[in-house]
1. Label-point separation (nm) for Gln238 and Gln84, each offset 7 Å from Cα along Cα-to-Cβ?
2. For the chain, build the charge dipole from Cβ charges (+1 Lys, Arg; -1 Asp, Glu) around the Cα centre, then report which of Gln84, Gly35, Ala231 sits farthest towards its positive end.
3. For the chain, with a Gaussian network of springs between Cα atoms less than 10 Å apart, report the residue from Arg219, Arg19, Arg110 with the top mean-square fluctuation.
4. Could you work out which residue, out of Ala56, Ala237, Ala81, moves most in a Gaussian network model of the chain, that is, has the largest mean-square fluctuation with Cα springs under 10 Å?
5. Modelled label-to-label distance, Val9 and Arg121, 7 Å Cα→beta-carbon offset: nm?
6. Which residue, chosen from Ser59, Ala144, Leu276, occupies the Cα position most advanced towards the positive end of the dipole of the chain, where the dipole is computed from +1 (Lys, Arg) and -1 (Asp, Glu) charges on Cβ about the Cα centre?
7. Calculate, for Arg252 and Ala50, the FRET efficiency according to 1/(1 + (r/R0)^6) with r their C-beta to C-beta distance and R0 41 Å; round to the nearest 0.05.
8. Could you work out the helix-only [θ] at 222 nm for the chain, with each DSSP H run of four or more residues adding -39,500 (n - 2.57) and the total divided by the number of residues, to the nearest 500 deg cm²/dmol?
Amino acid sequence: MAAEAADAVEMRAALVRLRRATGLPVAFGGLVEPGRARVRISELSGTATAALSALAVSSGNGLGGKAVALARPCAVTDYSASRQISHEYDVAVATEGLCSVLAVPVVVRRRVRGVLYGALRTAQPLGDRTLGAAVAAARDVEQALVVRDEARGLLAVAREPVAGSAAWEQVREAHGALRALAPRIADPALRTELLDVCGRLAGAAAPEHGGPRVGLAPREVDVLACVAAGATNGGAAQRLGLRPETVKGYLRSAMRKLGAHTRGEAVIAARRAGVLP
């Protein structure tokens, strides 16, 4: 339930951005219910009634259901009179007073995960600019869900019991990936959870090596985690969203603190200090 609530927050933020970018008076949306081929409308922005709240839109039905079935944006100029869609939800749409409506699916790895709607209370075409803004908002949600999915998968790997050198390598890879993902996570609770797990993974190696503790900055640890995974400075920069020169600066600073003269020595020293697993 916590994961679904966090995903809904991304939808809510996207609706606000959509209205701000287009001037549309109404935006709403929801996620596909787990195990069901329908979207539950959970997020409303600019609505005047509760008619659309908790509405379950089945795949293929209405405008949103058509967008789900086709996995592409759909729009109508006059919802109630349109022959391009079925009309199971006319009462809710009419109660809210909507006329021109667009629906954009949120597609993650070829699977529809939700739908964003934008609407006018008058019958007039929704232009390319409006459609483009709606598609951009949906892509923002898609990217956020991709990052969340990656984080949850890595957390699952990181929490598995470690046994043997092969498992340690898997944990080290998960640690590096989690460190790189954490700055991209908008949800503070999930970001904190990722960093807490990273700390536990790194600390698990400390009793074995018994090395001294070193005060490295978070970004210095991020860079070292990438280096430990075999990334070049350019690769680390791309992964962390930094400039290569910035990565070099963090690496030099970390090496100085660790008393290391090479990248490899820095990684070894960081593991001994319990900074990396």
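Every read-out reported here was derived from the displayed coordinates using simple, explicitly stated rules and does not represent laboratory data. Since the model is a prediction, treat every value here as computed from it, not as a measurement. In this analysis, Cβ positions are derived from the backbone assuming ideal geometry, glycine residues included, and neighbour counts consider all displayed protein chains.
1. 3.9
2. Ala231
3. Between Arg219, Arg19, Arg110, it is Arg110 that shows the largest mean-square fluctuation.
4. Ala81
5. Roughly 3.2 nm, to one decimal.
6. Leu276
7. Using R0 = 41 Å, I get an efficiency of 0.10.
8. -18000 deg cm²/dmol
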